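One structure is given here, and the rest of the page talks about it.
The values are calculated or read from the model by the stated rules, or taken from the named source; none is laboratory data. Fair warning: this is a prediction, and the values are worked out from it, not measured in the lab. With ideal geometry, Cβ positions are generated from the backbone for all residues, glycine too; neighbour counts draw on all protein chains shown.
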Amino acid sequence: MTFPIYQIQPQSISETGIKYFFISKGPNDVVKAVEYFYFADYNGRKVYNLGLGDYNIATDKIDDKNCTDNGDAYHVFNTVLSTVPEFFNSFADAAVMVTGSDSSDEFEQGCRQTCRRKNCNSICRKKHQRIRTYCSYVSREYDSLLKEFEFYGGIQTRDGTVIERFIKNKLYESVLLIKK
């Protein structure tokens with residue numbers, strides 16, 4: 001990893017998943033949470049969704065819609081990536097699914113109401129930004145990552161999600177990874 005990572009603190013490990021906490025440093029220090037939570041089975045494996053967001057201590061909730069803009073995006077991204085091996089230490093036979101909370105139509109509608117910087121026209125430039133980041137990372141590091149993981153890409157159709165072997169530089173709506 002080119003950028004340093006924040007120190008993570010694992011919390012609340014159970015059958016349903018695990019949470020990691022860290023503090024994003026910037027103009028405003030923000031408690032962030034990385035949460036892996038069980039949501040489905042796939043080919044005999046439990047699949048856990050990887051979520052990231054600002055953590056509200058008072059409500060014990062994670063807000064994955066907020067964009068902190070703390071100027072530390074690479075630190076945060078690398079910190080999230082550093083939790084993947086930690087997760088598999090606790091859930092070796094599981095799979096992890098990554099999607100983008102910014103991929104929904106609701107996100108786009110909300111973004112259009114507040115967006116001033118991107119100057120979007122017919123296409124919201126921030127929609128799918130998070131999953132594009134993950135797909136780009138996997139594509140760029142694919143050969144070295146294949147030593148430890150198998151990757152699959154998910155494409156949403158009318159009949160559900162189609163899962164295929166990950167193809168470098170292809171944009172997916174979700175990425176599934178399994179530890180070898």
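Inside segment 135-159, residues that are assigned to a strand (DSSP E or B) and within 21 Å of A94 (Cα to Cα) make up a count of 7. Looking only at residues of segment 171-180 that are in contact with a helix residue (DSSP H, G or I) (Cβ under 6 Å, 6 or more places away or on another chain) and not in a loop (DSSP other than H, G, I, E, B), we find that the one that is surrounded by the fewest Cβ atoms within 10 Å (Cβ to Cβ) is K179. Given (1) over 18 Å from F151 (Cα atoms); (2) out of contact with any Ser or Thr (no Cβ under 8 Å at 6 or more places or on another chain); (3) not basic (K, R), identify the lone condition not met by A94. Unmet for A94, out of (1) over 18 Å from F151 (Cα atoms); (2) out of contact with any Ser or Thr (no Cβ under 8 Å at 6 or more places or on another chain); (3) not basic (K, R): (1). Might you check whether a residue that is modelled with pLDDT under 90, assigned by TED's automatic domain parsing to the domain that holds V84, aliphatic (A, V, I, L, M) and assigned to a strand (DSSP E or B) occurs anywhere in segment 5-16? Checked segment 5-16: at least one residue is modelled with pLDDT under 90, assigned by TED's automatic domain parsing to the domain that holds V84, aliphatic (A, V, I, L, M) and assigned to a strand (DSSP E or B). A search for C-beta distances below 6 Å between a residue of segment 54-65 that is under 11 Å from V30 (Cα atoms) and any residue that is modelled with pLDDT of 90 or more, counting only pairs 6+ apart in sequence or on different chains, returns D54/V30; Y55/V31; Y55/A33.
Let's see how each residue does on (1) at pLDDT 90 or above; (2) buried (at least 19 other Cβ atoms within 10 Å of the Cβ); (3) not in a helix (DSSP H, G or I):
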site: V80; (1), (2), (3): yes, yes, no
site: P85; (1), (2), (3): yes, no, no
site: N89; (1), (2), (3): yes, no, no
site: Q113; (1), (2), (3): no, no, no
site: N169; (1), (2), (3): yes, no, yes
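With respect to the conditions (1) outside the structural domain of R165 (by TED's automatic domain parsing); (2) surrounded by fewer than 17 Cβ atoms within 10 Å (Cβ to Cβ); (3) at pLDDT 80 or above, C67 falls short on a single one, namely (3).
Taken over segment 147-167, the criterion of being hydrophobic (A, V, I, L, M, F, W, C), at pLDDT below 95 and farther than 21 Å from G51 by Cβ is satisfied by V162 alone.
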